[in-house]
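This report concerns only the one structure given below.
The values are calculated or read from the model by the stated rules, or taken from the named source; none is laboratory data. Quantities reported herein were computed from a predicted structural model and do not represent experimental measurements. Cβ sites come from the backbone with ideal geometry, for glycine too, and all protein chains shown count toward neighbours.
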Amino acid sequence: MHRCVIRDDGNYFVPGGDLLRQALQLPPNDRAALVEGLITSLDKPDPELDALWLKEAESRMAAYRAGELGAVDADEVFADLGSLRTSSGGI
């Protein structure tokens, strides 16, 4: 989502717009490297969140091993997802 800045003269601009235009002029491999670098810069580990997900995963595995939690074959899940995607026109 771009944020527009309205200037005193009533015109507006999108911060980074010039940068985007320049990036789009790069060769595909360089654009891909730029995207990867930007995504990596946003993906900051959160030890607290990681610990919560680990606890959840361990709890689910324990419930599965104890017979308290069932499992669904991955092929079935993907087939159902494909059916949902087809019937609803997309996800």
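Six or more apart or on different chains, Cβ atoms under 6 Å: show the pairs whose first residue is in the stretch 69-91 and closer than 27 Å to GLU58 by Cβ and whose second is modelled with pLDDT of 75 or more.
LEU69/ALA63
Restricting attention to the stretch 35-66, and to residues there that are at pLDDT below 95 and not in a helix (DSSP H, G or I), which single residue is farthest from LEU20 (Cα to Cα)?
ASP46
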